[in-house]
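In what follows, a structure is listed as structure tokens, so that the remarks can point back to it.
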Amino acid sequence: MAITSLLTQVQDTPVGRKRLAACLDLAARLKAQLIGVGVQAFAPYVNGSGAFGFVDGAAIQAIRDEIDREISLAHTLFEAETARTGVVGTWRSSLGDPCDVMAHAARAADMIVASRHDKTAGPGFTAFASDLVIASGRPVLVTPQDCQTLTLQKALICWKDSREARRALSDALPLLAQSDQVTVLEIADADGHDEALFRTQSVVGFLAGHGISARAEVARKRQGRVSETILAEATRCGADYLVLGGYAHARLREWVLGGVTQDIIDATPIPALLSH
């Protein structure tokens with residue numbers, strides 16, 4: 001399977017410009033088209049002051065004008081950068097919840113590129129990676145906020161014998177094929193070492209069938225959070241990017257990410273490809 005189309009939200013902000021640069025770099029390397037989406041939520045409000053609520057038409061129009069201006073700036077940036085880099089670009093814009101709009105736009109893409117949570121941007125402005133992992137049905141490549149180019153030489157596959165990990169492995173094959181060093185790592189307790197090694201060696205065999213050379217490793221879980229062990233192992237082996245399943249559980253009828261997945265999104269200093 002080849003990655004022929006990438007999807008990202010385009011914003012003319014410092015973080016948005018860096019994310020776009022990373023997308024263009026990856027799209028050029030994969031010879032893929034880039035779908036850029038300009039989107040913000042527009043929710044007219046009712047002023048509840050006084051005895052009766054009323055709609056402040058002037059304020060609502062001012063909000064709408066500002067949203068249109070910001071989406072227009074994003075469009076201009078996208079057109080200029082795709083022309084400069086020679087990447088084939090397709091532009092789409094919409095008003096609505098950014099996560100919902102991006103999730104639906106993902107029907108036309110093989111992979112989404114998104115930044116980790118930006119505390120300066122609210123959910124009405126940005127489709128956060130953590131939401132897209134659950135909502136989109138597509139692999140999401142999470143980039144650190146200062147990432148402008150992607151290095152794919154060394155991959156660390158964080159293995160767990162689960163549906164999500166198997167999905168992430170398959171989704172990552174086009175990226176893994178470009179890597180010179182691939183490590184399949186499972187974290188296990190001392191008494192589970194042999195079983196974990198068998199599983200990671202099986203994954204290595206699967207990758208070999210796709211022409212990808214990899215090595216199997218088992219790491220002893222350290223004290224603290226599992227995510228800390230993963231990131232320490234990534235540093236040890238000099239990984240350029242991570243591949244892992246995106247795990248979630250239901251809470252009050254709403255899907256939310258599990259601790260390890262959210263920790264990785266929030267803390268990883270290198271890109272991470274997640275699939276749910």
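The values are calculated or read from the model by the stated rules, or taken from the named source; none is laboratory data. Since the model is a prediction, treat every value here as computed from it, not as a measurement. Every residue, glycine as well, gets a Cβ built from its backbone with ideal geometry; the counts of neighbours run over all protein chains shown.
For the stretch 200-221, enumerate the residues that are touching a residue at least 40 places away in the same chain (Cβ under 8 Å) and under 21 Å from Ala232 (Cα atoms). Result: Thr200, Ala214.
Condition first: touching a residue at least 40 places away in the same chain (Cβ under 8 Å) and more than 20 Å from Asp25 (Cβ to Cβ). Now tell me which residues in the stretch 77-101 satisfy that. Once the filter is applied, which keeps residues that are touching a residue at least 40 places away in the same chain (Cβ under 8 Å) and more than 20 Å from Asp25 (Cβ to Cβ), the stretch 77-101 yields Arg92, Ser93, Ser94, Leu95, Gly96, Asp97, Pro98, Val101.
Of the residues Ser170, Ser179, the single one that is more than 15 Å from the chain's Cα centre (by Cα), more than 30 Å from Glu66 (Cα to Cα), modelled with pLDDT of 95 or more and in a loop (DSSP other than H, G, I, E, B) is Ser179. Among residues of the stretch 153-176 that are more than 18 Å from Thr268 (Cα to Cα), those with a Cβ under 6 angstrom from a residue that is in a strand (DSSP E or B) and hydroxyl-bearing (Ser, Thr, Tyr), sequence gap 6+ or separate chain, pair up as Arg167/Ser275; Asp171/Ser275.
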